[in-house]
Amino acid sequence: MQLGMKTFLHLCIGHYKNKCSPTLALKHHTKLQVVFFAKYFINSYIVPGGGVQPRRFFSWKELLKSEQENWKACSANYTDITKRIKRRLEIHYDKYTSSQNHQVVRFGEYVYFEENGCILRSKLGADERNNEVLLSTEALPFPNFLIQSIRISPDHRYMATGIKSANSEESGCIVVKLNTLPKVECIIPDVFSFEWATHEILFYTVLKNLQCHDVYLSDFSKKHSKLVYTEHDGRYFVDLYLTKDRRFLTINSNSKTTSEVWLVDCCHPFKSPVLVQQRIKGVIYHVEHRNDELFILTTHGNPMGYKLMKAPVSSCGLENWLPIYTVKESTKLIDLEMFKDYCVAFLKYHGHLYLDIISLVSNSVHSTKLPAWACSFELEPHPDYTSSTFYFWLVSPIQPPIRFAYSLTKNRFLEHSESEVPVAMNGHTIRLEARSKDETCVPITVFHRANSIELHRMPLLVHVYGAYGIDLNMSFKAENLMLIKDGWILAYCHVRGGGEVGLGWHKDGCMMKKHNGIQDLQACIKLLHTLGYSQPKHTALMSLSAGGVLAGALCNDDPCLIRAVVLQAPFLDVLNTMLDPHLPLTIEEQEEWGNPLTDEACKEYIKSYCPYQNIRPQKYPSVFITASENDQRVPLAGLLRYICRLRKAVQDHAKSNSTDKKGLQTPHIILDVQPGGGHCTPSWEDSLNQVATQLAFLYDEFGLKQK
């Protein structure tokens with residue numbers, strides 16, 4: 001994905017943040033980030049101290065060993081069906097895997113792209129046999145590292161490549177000098193974001209303990225590195241962005257609710273950064289540049305939601321911001337892309353996707369509705385800033401990506417674009433609304449096999465997330481086609497806490513309103529059953545990370561609604577986690593969950609819905625959890641506590657009902673702990689194995705082994 005406003009929006013509302021008055025060019029009590037320069041690759045490998053420290057589990061080691069042995073015994077029951085499902089998945093993956101997510105940078109007369117773990121360069125229009133190999137991940141001393149981003153210096157003399165481990169939070173930046181024979185100039189550890197300000201000056205941020213507070217400048221002409229910015233508030237997270245015209249580099253300090261931007265003039269990169277607008281609690285903003293004016297995407301002002309404003313670079317304070325475009329109420333701004341004379345807003349309203357084309361010359365707005373089947377989009381990375389045509393992809397959970405081309409000057413799709421391709425031939429899409437406990441209408445998107453009959457007999461797989469203002473993932477997954485073919489119904493519940501209906505949708509599902517999201521999920525599943533979409537004994541629930549809060553809470557509040565639950569790296573021990581200030585994300589997470597350390601009312605509220613705190617002896621659905629041993633975002637200790645308490649509650653319930661209900665089926669409570677420390681980002685092979693195992697569990701629970 002391009003480093004654009006979509007990335008900014010995700011950073012503002014996602015798992016990263018930071019805060020308080022920054023200090024520029026600190027002179028004391030700060031250890032400068034070290035950058036090593038070397039003549040040969042082998043000597044430029046650097047992994048100094050720092051980075052994410054592996055979490056120790058002390059008293060949990062024996063419990064972890066016990067769970068690993070338990071999974072080893074349980075997994076034998078799923079071996080055959082897992083192998084069959086994996087073979088089917090591989091066929092779907094091979095058929096539908098594309099290069100859409102590979103890194104591609106078109107810059108000047110060259111195209112830089114990733115292919116088979118290598119970064120190559122070709123001249124526009126040149127024969128592919130003349131492609132130059134600039135970097136190969138196989139030659140790196142980093143096993144299981146993936147290429148994340150590519151940045152090219154203005155004169156094409158240097159290439160900076162971001163890499164990240166598939167098994168942990170480790171990351172870095174490899175700088176290659178593009179001579180006749182490309183040579184690795186240096187490797188900078190723990191880098192999160194980076195941009196070239198000039199031909200030889202690279203700015204970058206450093207990620208340590210999941211927090212990003214420091215910005216460094218490296219001058220490759222003088223082999224010199226220095227600290228230029230530090231954020232002191234633990235609620236904030238710092239990242240970098242280069243404006244599309246390459247005039248300014250922005251230092252963005254974002255919490256979940258507030259942001260602050262500093263400008264670095266790329267013509268004078270050694271000058272101190274200039275503040276655009278001092279942070280104001282509750283105001284998020286991001287900056288682009290065009291013709292000596294800043295274009296500011298912000299939440300400032302009424303109505304609630306995003307607005308596009310502009311101000312002169314010379315007087316860019318809030319008092320000079322002039323509105324030029326406002327996102328409509330209850331509309332989700334998915335992305336905003338800047339071109340020379342246009343801005344393109346990608347929007348979601350009542351489940352449908354739209355484009356708003358904003359002319360910066362005539363100040364007019366042209367709206368276009370996208371095909372009804374589309375549920376998600378992705379702009380092609382690094383679009384040409386001066387182009388009058390832009391390209392993007394539309395997808396749904398059961399529809400592979402389809403490429404579209406749109407003319408900004410003609411305000412229409414180009415003739416050769418596939419703008420009316422129907423949804424997958426064997427799939428049917430329905431949009432519903434459930435009424436929650438407080439009468440709020442909650443959107444649901446449902447997919448099932450076309451011409452299906454007796455839907456109430458079909459297995460139902462429900463997806464939910466509902467946190468950080470992030471939309472439920474509606475991108476294409478090849479396994480969904482297999483599920484649809486096998487007669488599954490897929491339902492995506494867009495509950496409060498997510499961002500599908502705009503900023504207010506998130507605010508109504510976080511902090512002291514978390515119960516709203518739980519009640520939304522409950523209402524969605526009940527509506528599906530009422531309308532004849534499956535029934536409780538054929539219903540499964542799937543979620544990951546923070547979505548585990550809603551899934552776990554539903555298991556406590558209304559366990560009879562579902563038969564099985566599959567959770568990936570779930571957040572289930574909210575209260576104990578938020579009471580531990582030593583964990584790396586506790587402080588910055590307070591704007592999502594509240595601060596139980598100082599607020600007793602908040603503590604009691606979290607306790608009222610926390611999945612771990614509310615386990616009790618009763619009938620529970622079967623639960624399958626996958627986790628990483630050293631996951632820094634969701635500590636394994638909390639999952640082990642949860643599994644132990646849940647298993648005991650199930651056993652206690654079985655004992656108390658052993659004489660009353662003969663043949664009572666005891667649910668399976670399984671924890672699969674994988675080595676490594678990644679959080680929901682396994683490698684391709686690990687992801688394939690994980691999906692196959694999760695589906696094997698569900699097929700087994702529902703007696704679908706023969707399908």
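The values are calculated or read from the model by the stated rules, or taken from the named source; none is laboratory data. Only a predicted model underlies this, so the values are computations on that prediction, with no experimental measurement involved. When we count neighbours, we look across all protein chains shown, and the Cβ atoms used for this are built from the backbone with ideal geometry, even at glycine.
Computed values, structure above
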{"quantity": "Selection from segment 365-385 of residues that are farther than 30 Å from Gly427 by Cα and in a loop (DSSP other than H, G, I, E, B)", "calculated": "His382, Pro383, Asp384, Tyr385"}
{"quantity": "Cβ pairs under 8 Å, 6+ apart, first in segment 108-122 and more than 22 Å from Phe142 (Cα to Cα), second part of a strand (DSSP E or B) and polar (S, T, N, Q)", "calculated": "Tyr110/Ser122; Val111/Ser122"}
{"quantity": "Looking only at segment 196-206, and only at residues there that are farther than 12 Å from Lys226 by Cα and free of Cβ contacts under 8 Å to residues at least 60 places away in the same chain, the one that is surrounded by the fewest Cβ atoms within 10 Å (Cβ to Cβ)", "calculated": "His199"}
{"quantity": "Given (1) under 27 Å from Lys507 (Cβ atoms); (2) touching a Phe, Trp or Tyr at 6+ places or on another chain (Cβ under 7 Å); (3) of a type in the set (Val, Ile, Thr), number of the condition Val395 does not satisfy", "calculated": "(1)"}
{"quantity": "Pairs where the first residue, in segment 628-650, is assigned by TED's automatic domain parsing to the domain that holds Ala569 and the second is crowded, with 21+ Cβ neighbours inside 10 Å and part of a helix (DSSP H, G or I), C-beta under 7 Å, 6+ apart", "calculated": "Glu629/Leu636; Pro635/Thr577; Gly638/Thr577; Leu640/Glu67; Ile643/Glu67"}
{"quantity": "Set Glu169, Glu185, Glu195: member being of a type in the set (Asp, Glu) and modelled with pLDDT of 95 or more", "calculated": "Glu195"}
{"quantity": "Unique residue being exposed (fewer than 15 other Cβ atoms within 10 Å of the Cβ) and either outside the structural domain of Gln674 (by TED's automatic domain parsing) or farther than 28 Å from Glu629 by Cα (or both) when the list is Ser171, Ser165, Ser136", "calculated": "Ser136"}
{"quantity": "Residue within segment 206-217 that is in contact with a Cys (Cβ under 9 Å, 6 or more places away or on another chain) and under 22 Å from Ile150 (Cα atoms) present", "calculated": "yes"}
{"quantity": "Filter result for Leu583 (more than 24 Å from Lys507 (Cβ to Cβ), at pLDDT below 95 and surrounded by fewer than 23 Cβ atoms within 10 Å (Cβ to Cβ))", "calculated": "yes"}
{"quantity": "Subset tally (residues that are touching a helix residue (DSSP H, G or I) at 6+ places or on another chain (Cβ under 8 Å) and farther than 15 Å from Gly509 by Cβ) for segment 434-447", "calculated": "4"}
{"quantity": "Boolean, Ala311 is in contact with a helix residue (DSSP H, G or I) (Cβ under 9 Å, 6 or more places away or on another chain) and either under 26 Å from Asp245 (Cβ atoms) or surrounded by 14 or more Cβ atoms within 10 Å (Cβ to Cβ) (or both)", "calculated": "yes"}
{"quantity": "Restricting segment 219-241 to residues that are assigned to a strand (DSSP E or B) and in contact with a Cys (Cβ under 8 Å, 6 or more places away or on another chain), the residue that is nearest to Glu293 (Cα to Cα)", "calculated": "Asp239"}
{"quantity": "Check on Ser315, closer than 23 Å to Leu360 by Cα and small (Gly, Ala, Ser)", "calculated": "yes"}
{"quantity": "Test for Pro401: is it outside any strand (DSSP E or B), crowded, with 17+ Cβ neighbours inside 10 Å and at pLDDT below 95", "calculated": "no"}
{"quantity": "Tally of residues being in a strand (DSSP E or B) and surrounded by fewer than 17 Cβ atoms within 10 Å (Cβ to Cβ) across segment 254-291", "calculated": "3"}
{"quantity": "Unique match (being in contact with a strand residue (DSSP E or B) (Cβ under 6 Å, 6 or more places away or on another chain), within 20 Å of Gln618 (Cβ to Cβ) and surrounded by fewer than 24 Cβ atoms within 10 Å (Cβ to Cβ)) among Ala564, Ala523, Ala551", "calculated": "Ala564"}
{"quantity": "Some residue of segment 500-511 being in a loop (DSSP other than H, G, I, E, B), in contact (Cβ under 8 Å) with a residue 24 or more places away in the chain, charged (D, E, K, R) and touching a helix residue (DSSP H, G or I) at 6+ places or on another chain (Cβ under 6 Å)", "calculated": "yes"}
{"quantity": "Residue among Lys332, Lys328 that alone is within 26 Å of His352 (Cα to Cα) and either at pLDDT 95 or above or touching a Lys or Arg at 6+ places or on another chain (Cβ under 7 Å) (or both)", "calculated": "Lys332"}
{"quantity": "From Lys485, Lys514, Lys507, Lys477, residue being among the basic types (Lys, Arg) and crowded, with 22+ Cβ neighbours inside 10 Å", "calculated": "Lys514"}
{"quantity": "All positions within segment 105-131 that are of a type outside the set (Lys, Arg) and surrounded by fewer than 16 Cβ atoms within 10 Å (Cβ to Cβ)", "calculated": "Gly108, Glu109, Glu115, Asn116, Gly117, Leu124, Gly125, Ala126, Asp127, Glu128, Asn130"}
{"quantity": "Within segment 428-457, tally of residues that are at pLDDT below 95 and outside any strand (DSSP E or B)", "calculated": "8"}
